[in-house]
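J.: Please read through the structure below; I'll follow up with questions.
None of the figures in this text is laboratory data; all of them are computed from the coordinates on show. From a predicted model like this one, the values you see are computed outputs, not experimental measurements. Positions of Cβ are generated from backbone atoms using ideal geometry, with glycine treated the same way; all protein chains shown enter the neighbour counts.
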Amino acid sequence: MTTLNNNIDPLMKIHSETEHIRLASGTPIADRVVSDIFSYTEKVTQKVVFREGSGQKSWKDKIDKIVISRVFGYPLMLLMLGAVLWITIAGANIPSQMIATVLFAFQDILTHWFEVMQAPVWLHGMLVLGMYRTLAWVIAVMLPPMAIFFPLFTLLEDLGYLPRVAFNLDHMFKKAKTCGKQCLTMCMGFGCNAAGVVSARIIDSPRERLIAILTNNFVPCNGRFPTLIAIASIFMTSSLLFAQSLQAAGIITLLVLLGIAVTFAVSWILSSTILKGESSSFVLELPPYRKPKFGAVLYRSIIDRTIFVLRRAIIVAAPAGMVTWIMANIYIGDLSVIAYIAGVLNPIAQAIGLDGFILMAFIIGLPANEIVVPILLMSYLATGQLTAFGSLSELKEILIANGWTWLTAFNTMLFALLHWPCATTLLSIYKETGSKKWTFMGFIIPTVIAFVVCFIVAQAAYLLGLA
């Protein structure tokens, strides 16, 4: 199998030569080539092609004048992102509750079957309270947001808007010495980082493809949205007057912008150190605006993306649920294994503004980010099984009773945004790169950044007496 490793070294060897040419002319050589080609093509076209009504701009040109302008392009992208997030957040609540009700009701049926068969209690606990309950939670939490987000994403793609987003951000990615196509992989990461990693195949340069893979984790996926939304809704919006879902969407949008900023920073650092190279030209002929084909949109978004991602999440979440139940029901003295681990982790967690139970929940939640909050509640309440909360106010009472402050909430959101990828994403990184080294780098880079950022924020708050 040919891997990215085999292709990167030759690119490193020619980096110094291309850099020399760039410095001599002031313009990257690839840009000069593309510019010359298009300039020559334009001259030839002007000589031989005549367009009727060429003096009048079409409605498409007028839209593009706004969409890809330096003045309106970025605010429009921000507004579009906020709208998509708000629709996803507001629209997923009721379907999630309905699916959870149905699946958890079936749990009672499974329990009855185990009782009829006189199965051992530990077997019922591992398979039903552990494995099935985890699967039910993951499906209920992931399916509705993905079923909303992916069609919206695909609709924007079909309309022709996403290529224009890539066009707008190409300059910023070029400043980071990467390719504008990384923007498209980043957009896919909002639905699932594993899908974002796989979509990096559209990047031709092995070096830039690897950078896109290593940094995709910094945009929050659907698995992290539930944690971010729940904490933002109960700690960051209680004193405001607008609708809670709208406020939460605004806060999540700011977090997304932070994640994008980290993406640019890490991309630039990688491009300047271990993955040196010249950014490739992103030659993009903007496609025309098209009327979406809704059948194709639904098929691509539901079958190719939603079901594909959900299947991968289920595969890794099932054994995680079983292990979690075992750890919650095996005791060392008076403490369960989960509580014991939390006690060991507490000094480290306190240094970064969390507590041992929060850090442990993120560690156990490695297979699927969706189960972080249920694991945390199970640990706080000592229930021995994954626990769902009935309302946000009930969740807030539980968290405050266990010592949560504004700093705990804020740093938990930061850690959720920046921390290591889930097991599904790590598996995708390994499959795409064929390298244990780069898979480890995909894990360690966000882990170090999450700890460093949270440590700085926590220590600054402690020093200033704010927490």
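J.: Using every pair of alpha-carbon atoms in segment 321-367, split the distances into 5 Å bins beginning at 0 and state the percent of pairs per bin, rounded to integers.
T.: Each 5 Å bin holds this share of Cα pairs: 5, 24, 29, 24, 13, 5, 0.
J.: So how much slack lies between residue 402 and residue 431, counting 0.36 nm per residue of separation and subtracting their Cα-Cα distance, in nm?
T.: Values: separation 29, 0.36 × 29 = 10.44 nm, distance 4.06 nm.
Length gained, residue 402 through residue 431: 6.4 nm.
J.: Something else now. Under 21 Å between alpha carbons, and skipping anything fewer than 8 positions from residue 62 in its own chain: which lysines qualify?
T.: 291
J.: Tell me, in nm to one decimal, what length is gained between residue 464 and residue 66 on full extension, where the rule is 0.36 nm per residue of separation less the Cα-Cα distance?
T.: On the way: separation 398, 0.36 × 398 = 143.28 nm, distance 4.48 nm.
Once the chain is fully extended between residue 464 and residue 66, it gains 138.8 nm.
J.: Taking a 30 Å limit on the Cα-Cα distance, which of the listed pairs 43/174; 177/437; 65/276; 47/175; 47/181 fall beyond it? Don't skip to the end; give the middle numbers.
T.: Numbers: 43/174 27 Å; 177/437 22 Å; 65/276 35 Å; 47/175 36 Å; 47/181 33 Å.
From 43/174; 177/437; 65/276; 47/175; 47/181, over 30 Å: 65/276; 47/175; 47/181.
J.: Same structure, new question: Name the residue farthest towards the positive end of the dipole of segment 112-252 from the options 211, 132, 230, assuming +1 on Cβ of Lys and Arg, -1 on Cβ of Asp and Glu, about the Cα centre.
T.: Positive-most Cα among the choices belongs to 211.
J.: If I take R0 = 35 Å and measure r between the Cβ atoms of residue 455 and residue 272 in this structure, what FRET efficiency does the formula 1/(1 + (r/R0)^6) give, to the nearest 0.05? Write out the running numbers ahead of the final one.
T.: On the way: r = 24 Å, r/R0 = 0.69.
So, using R0 = 35 Å, E works out to roughly 0.90.
J.: Next question. Could you please state, rounded to a whole Å, how far the C-alpha centre of segment 125-149 is from the C-alpha centre of segment 305-345?
T.: 13 Å
J.: According to a simple spin-label model (label point 7 Å from Cα along Cα-to-Cβ), what is the distance in nm between residue 49 and residue 115?
T.: Going by the 7 Å Cα→Cβ label model, 7.5 nm.
J.: Still on this structure: Taking the Cα-to-Cβ direction at residue 293 and at residue 93 and moving 7 Å from each Cα, how far apart do the two end points lie in nm?
T.: Here the modelled spin labels are 3.7 nm apart.
J.: Something else now. If packing is taken as the average count of other Cβ atoms within 10 Å, what order do 146-153, 367-374 fall into, highest mean first?
T.: Working: 146-153: 23.2, 367-374: 26.0.
Top to bottom by mean Cβ count within 10 Å: 367-374, 146-153.
J.: Further, regarding this structure: Between residue 447 and residue 335, what is the label-to-label distance in nm when each label sits 7 Å out along the Cα-to-Cβ direction?
T.: Simple spin-label model gives 2.2 nm for this pair.
J.: Now for a separate question. I need 231, 139 ordered by Cβ neighbour count within 10 Å, fewest first. If you can, show how the numbers build up before the last one.
T.: Working: 231 24, 139 20.
Ordered from fewest to most neighbouring Cβ atoms within 10 Å, 231, 139 come out as 139, 231.
J.: Which value in Å is the Kirkwood Rh of segment 311-467 over different Cα pairs? Could you put the intermediate results ahead of the total?
T.: Working: mean 1/r = 0.0606 Å⁻¹.
Kirkwood radius, segment 311-467: 16.5 Å.
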